[in-house]
């Protein structure tokens, strides 16, 4: 396997830039492209605060400390505070009232899946054409995924892994994973581990050490207690991603995750991936609902899908809270007593809080195609919205 040597280029989304980006991706299994300007990044951060972070149902809402006092997304000085390295006081305040999934850095609130600004990114023509060039097809769907808000000191150190079984390669799978960064961020990758040549060598050297893997395994890590003859753990590279850039990586690329350093700004962005168009049988087998129907209902109703693109179930409340009920109780205590999302039984739990006044974002023809909604369904969804608006006093 060839060693990767930086720095990593940032390609433009012009026709020539996309061609060069696709060549780089084919060689190394990842690529970074310029996608957003500074003004647009600021607008997307404000949107995420307005629609997600500030809609948490805490009795004591989160505060942003500017020189002029507590400020909101539309106030002067707001962006300067939330995108700069945080003071200890501000970091503690954010941690106190941040959304759930704080350790991962991206909540699973219903409001975090269909932001208007994020849909504008999903249906961006240049990003779509790059994904089509990388995957070899224009018959794609876009991930209905969550936006990122990872505080300094948060994030999880994930050991190197694949989001699939690397010993069961599917030649017909068209998929690209990625994220768009509104502030500086980072990814941990092992460049070059996506190729057929690597898989042949990897299988020959590692298969005997992983004999019990399910062919449908959703995540496979390089085990610390097993031999690593290719020294993959030593080959990982932490790659900085600039504000306004999108980074894409192959489904078959070995990758990990790193914490955001305490002295660096909060990471804001959104996950963005594309995969082969069409409802997959595994999706319905896992959750009992057709994948396309679930995507359309998610968009129409403003709720999270049932599964991630990997077929893992989406958990509004972090799954690990089931083993640590005191952590969940701490969130419950932040809420007004009797809040309708609090469900008490043998064990307390929380149901998703509704997205007040949700209306589905308007989509371009490309956006409709990438969602998988028919023109008739799209018109019906928006006709209902228009009737409700006309009937309101």
One residue from 107, 168 being crowded, with 21+ Cβ neighbours inside 10 Å, without any contact (Cβ under 8 Å) to a residue 60 or more places away in the chain and assigned by TED's automatic domain parsing to the domain that holds residue 305 = 107
For region 21-43, what are the residues that are outside any helix (DSSP H, G or I) and surrounded by fewer than 22 Cβ atoms within 10 Å (Cβ to Cβ)?
-> 34, 37
Among (1) in a helix (DSSP H, G or I); (2) touching a helix residue (DSSP H, G or I) at 6+ places or on another chain (Cβ under 8 Å), which single condition is residue 362 missing?
-> (1)
When residues of region 42-75 are limited to those that are touching a strand residue (DSSP E or B) at 6+ places or on another chain (Cβ under 8 Å) and over 30 Å from residue 332 (Cβ atoms), the one modelled with the highest pLDDT | 44
Of the criteria (1) surrounded by fewer than 22 Cβ atoms within 10 Å (Cβ to Cβ); (2) over 30 Å from residue 85 (Cβ atoms), which one residue 114 fails = (1)
State yes or no: is residue 289 outside any helix (DSSP H, G or I) and free of Cβ contacts under 8 Å to residues at least 40 places away in the same chain?
-> yes
Name the single residue, out of those in region 207-222 being touching a strand residue (DSSP E or B) at 6+ places or on another chain (Cβ under 8 Å) and touching a residue at least 60 places away in the same chain (Cβ under 8 Å), that is surrounded by the most Cβ atoms within 10 Å (Cβ to Cβ).
-> 222
Residue among 26, 21, 35, 84 that is more than 28 Å from residue 336 (Cβ to Cβ) and not assigned by TED's automatic domain parsing to the domain that holds residue 128 | 84
Of these, 91, 50, 18, which one is in contact with a helix residue (DSSP H, G or I) (Cβ under 8 Å, 6 or more places away or on another chain) and surrounded by 13 or more Cβ atoms within 10 Å (Cβ to Cβ)?
-> 18
Residue count for region 131-163, restricted to those that are under 25 Å from residue 243 (Cα atoms) and either part of a loop (DSSP other than H, G, I, E, B) or not assigned by TED's automatic domain parsing to the domain that holds residue 176 (or both) | 11
Counted residues in region 105-123 being assigned to a loop (DSSP other than H, G, I, E, B), within 30 Å of residue 17 (Cβ to Cβ) and in contact with a strand residue (DSSP E or B) (Cβ under 9 Å, 6 or more places away or on another chain) come to 5
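Conditions (1) over 30 Å from residue 218 (Cβ atoms); (2) assigned to a helix (DSSP H, G or I), marked per residue:
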| site | (1), (2) |
| --- | --- |
| 282 | no, yes |
| 294 | no, yes |
| 300 | no, yes |
| 340 | yes, no |
| 352 | no, no |
Does region 230-239 include one or more residues that are under 16 Å from the mean Cα position of the chain (by Cα), surrounded by fewer than 20 Cβ atoms within 10 Å (Cβ to Cβ) and either at pLDDT 90 or above or not in a strand (DSSP E or B) (or both)?
-> no
Here are 266, 270: which of them is modelled with pLDDT of 90 or more and closer than 30 Å to residue 195 by Cβ?
-> 270
Could you say whether any residue in region 193-206 is more than 17 Å from residue 24 (Cα to Cα), at pLDDT 95 or above, touching a strand residue (DSSP E or B) at 6+ places or on another chain (Cβ under 9 Å) and outside any strand (DSSP E or B)?
-> no
Counting only residues that are in a helix (DSSP H, G or I) and buried (at least 20 other Cβ atoms within 10 Å of the Cβ), region 94-104 contains a total of 1
Does residue 251 fit the bill of being surrounded by 14 or more Cβ atoms within 10 Å (Cβ to Cβ) and within 19 Å of residue 145 (Cβ to Cβ)?
-> yes
For residue 60, are the conditions met, namely being without any contact (Cβ under 8 Å) to a residue 60 or more places away in the chain and over 25 Å from the mean Cα position of the chain (by Cα)?
-> no
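The values are calculated or read from the model by the stated rules, or taken from the named source; none is laboratory data. These numbers were taken from a predicted model, which means no experiment stands behind them. Here the Cβ is made from the backbone with ideal geometry for all residues, glycine too, and neighbour counts use every protein chain on show.
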